[in-house]
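Take a look at the structure below.
Any read-out appearing in this document is the output of simple, stated calculations on the displayed coordinates, not a laboratory observation. Just so we're clear, the structure is a prediction, and the values are computed from it rather than from any experiment. Positions of Cβ are generated from backbone atoms using ideal geometry, with glycine treated the same way; all protein chains shown enter the neighbour counts.
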Amino acid sequence: MTNPQKFLYPKTIDEALEMLASPDSCPIAGGSDLSLQKSTSFTTFVDITRLPINGIIEKDEFISIGATSTFNDLDHPLVKNIANGLLSSAASKIMDTPLRHQVTVGGNIVGRYWWSSLPVVFLALDGKIVLQSKEETRTLTTDEFFEKRPVHIMSKNELVTEILIPKEVTNYYGDCQRFSVTEAAHSIVCIATSFKKESNVCSNVRIVAGNLIRSPKRLTDLEEMLEGKELTQELIDEISQEAGEKLEKIRNNEIASGEYRKEILKVLVKRALEGALN
Amino acid sequence: MEVKHLQKITIEINGEHKKFKIDPSIMLSDLLRENGYFGVKIGCRNGDCGVCTILLDGKTVKSCILYAAQAHERRVTTIEGLGDPLGIPHIIQQAFAETGAVQCGYCTPGMILSTLELLEKNLNPSDQEIKDALDGILCRCTGYVKIFDAVKLSAERLRGEN
């Protein structure tokens, strides 16, 4: 068990960043993961749930999702409009209702939980991650953010404050397919895709695999096969057969073998693309 | 021996403002039970089984994976907060009793609070919506059929029917 000695309750981002500058402090939002960790060196928990970073709003060319929005908060009209409801639908299938009230979007993308489909969907939607520290605010693409482990991307003093989804993708086709042993169980393979479809020709294609390794991974070989092409059943069959072939070895986990997960990956790619045929 | 700093927090529990001096590492489920709210059950302590479910600001959460300090200045409802203090049960509690939805009873507080959250938003839920609302609570006795009956009966009565 973790052993917090003190909780702090900042009301502003500046206050929170000041508190997080201390070497013994860490942010806590939902806390569902932090409370279950066996140990942590942090003794001061900075409760960031009172910060004004829990809203979902339109901001210039983006839809901004505050980092402390919970998974159930994604059941929001602005989010439901994005790519056939790709994001809200994916979030509604992760864990169960009480946990979705507790688990936050920011915590989930920083935690990089292997079972979560949310990072997979954010990468498929070409999202941006906004990070703030006392010194600066910077925006990373999801390609950059998920390329390396969080420890190599963020400094300890940085806080994820929002996730931006380009409004442009609102009218894209999108789908997320996941496979788990039971409906409420952790997913062992997940595919998310989004692309523009005009006169049945696909562009800006993103096909992302997840739950196979710790970070979501774009399947660029499949994206290239679809980019600029007319979507047909034959092409979908061809693309799905190639799924996972260029990925590094898919490992066995406690639920399924790597070989099995690779086969499932092909099926999910096929299903995700077939939805766009109609 | 390490001496822990005690932290002062305030929580509104079932409509009453309560002040506590807590060890910051105590979980909300333990704090509630230590203060007599025995309807909050302890099961897995992992956020899996849902028997510790309470309402935090009107939404179901699992109190075994929530630090008590996270509930500071927030509103908690436990099963003890439902019904009349004189002993008249809430409509949902009555429906659970009448339909035989309670066997060992260990999951019942979580089931009833989840039902309350659902019916406050939607008085005419579909089977799928009931299933989704109760998906965080495990019952190993009933097979859920009677629990679904109880939710439907509660909804009917709250709509003014039956």
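Proximity of backbone amide H atoms, modeled 1.01 Å from N, is registered between A:ILE63 and A:ILE165, A:LYS167 at under 5 Å, excluding neighbours fewer than 5 places apart on the same chain. For A:LYS6, which lysines qualify as cross-link partners when the Cα separation must be under 23 Å and same-chain residues fewer than eight apart are set aside? Hits, sequence-local ones excluded: A:LYS38, A:LYS134, A:LYS156, B:LYS4, B:LYS8, B:LYS18, B:LYS19, B:LYS21, B:LYS62. Measuring against 26 Å, Cα to Cα, the residue pairs A:LYS11/A:LYS167; B:LYS59/B:LYS131; A:LYS93/A:LYS229 contain A:LYS11/A:LYS167; A:LYS93/A:LYS229 as the ones spanning a longer distance. Is the protein assembly as shown best put as rounded, prolate or oblate by its Cα gyration tensor, with a ≥ b ≥ c the root eigenvalues, rounded for a/c under 1.5, and otherwise prolate when a/b is larger than b/c, oblate when not? It is oblate, given that a/c is not under 1.5 and a/b is not larger than b/c.
What does the C-alpha gyration tensor say about the overall shape of segment A:6-49? Classify as rounded when a/c is under 1.5, otherwise prolate if a/b is larger than b/c, or oblate. It is oblate, given that a/c is not under 1.5 and a/b is not larger than b/c. Counting only C-alpha contacts under 8 Å and six or more residues apart, can you give the relative contact order of chain B as a whole percent? In percent, rounded to a whole number, it is 22. When A:TYR260, A:TYR173 are arranged by Cβ crowding within 10 Å, least crowded first, meaning fewest neighbours, the order is A:TYR260, A:TYR173. Amide H contacts for A:LYS6 (H built 1.01 Å from N in the peptide plane; partners 5 or more residues away or on another chain; cut-off under 5 Å): A:PHE45. Karplus-derived 3J(HN,Hα) values for segment B:62-71, using 6.51 cos²θ - 1.76 cosθ + 1.60 with θ = phi - 60°, are 9, 6, 7, 10, 10, 5, 4, 5, 6, 8 Hz; glycine and proline are entered as x. Computed over chain B, the P(r) curve from all C-alpha pair distances, binned at 5 Å from the origin, holds 2, 9, 18, 21, 19, 13, 9, 5, 2, 1, 0, 0, 0 percent per bin. The 3J(HN,Hα) values that the Karplus relation (6.51, -1.76, 1.60; θ = phi - 60°) gives for segment A:237-252 are, in residue order, 4, 5, 5, 5, 5, 7, 4, x, 5, 9, 6, 4, 3, 7, 7, 6 Hz. Gly and Pro appear as x.
Scanning chain A for GluC sites (Glu not before Pro) lying in DSSP loops with no more than 11 further Cβ atoms inside 10 Å, the longest uninterrupted stretch between such sites is A:62-134. The residues neighbouring B:TYR106, those whose beta-carbon lies less than 12 Å from its own, together hold a net charge of +2 under the Lys/Arg +1, Asp/Glu -1 convention.
Taking Cα centre as origin and charging only the Cβ of basic (Lys, Arg, +1) and acidic (Asp, Glu, -1) residues, the dipole magnitude of segment A:6-49 rounds to 180 debye. When the Gaussian network model of chain A links Cα atoms closer than 10 Å, the mean-square fluctuations of A:ILE213, A:ILE57, A:ILE255 top out at A:ILE255. Computed over the protein assembly as shown, the per-residue total of -39500 (n - 2.57) for DSSP H runs of n ≥ 4 gives a 222 nm mean residue ellipticity of -8000 deg cm²/dmol, rounded to 500. 3J(HN,Hα) along segment A:127-137: x, 10, 10, 9, 10, 10, 10, 4, 7, 7, 10 Hz, from the Karplus curve 6.51 cos²θ - 1.76 cosθ + 1.60 with θ = phi - 60°, whole Hz, x for Gly and Pro. Its Cα centre serving as origin, chain A has a Cβ charge dipole (Lys and Arg +1, Asp and Glu -1) of approximately 700 debye.
Which whole number gives the average count of other chain Cβ atoms within 10 Å of the Cβ atoms across peptide B:60-72? Across the residues of B:60-72, the mean count of other-chain Cβ atoms within 10 Å is 6. For A:ILE28, the residues whose amide H sits under 5 Å from its own are A:VAL46, A:ASP47, A:ILE48, ignoring neighbours fewer than 5 places away on the same chain, with H placed 1.01 Å from N. Averaging Cα coordinates gives a centre for segment A:35-80 and one for segment B:59-83; these two points are 19 Å apart.
Expressed to the nearest 5 percent, the antiparallel share of DSSP beta bridges inside segment A:1-92 is 35 percent. Within chain B, DSSP assigns beta bridges of which about 90% are antiparallel (rounded to the nearest 5). Per residue of peptide A:28-35, the mean number of Cβ atoms on other chains within 10 Å of the residue Cβ is 5.
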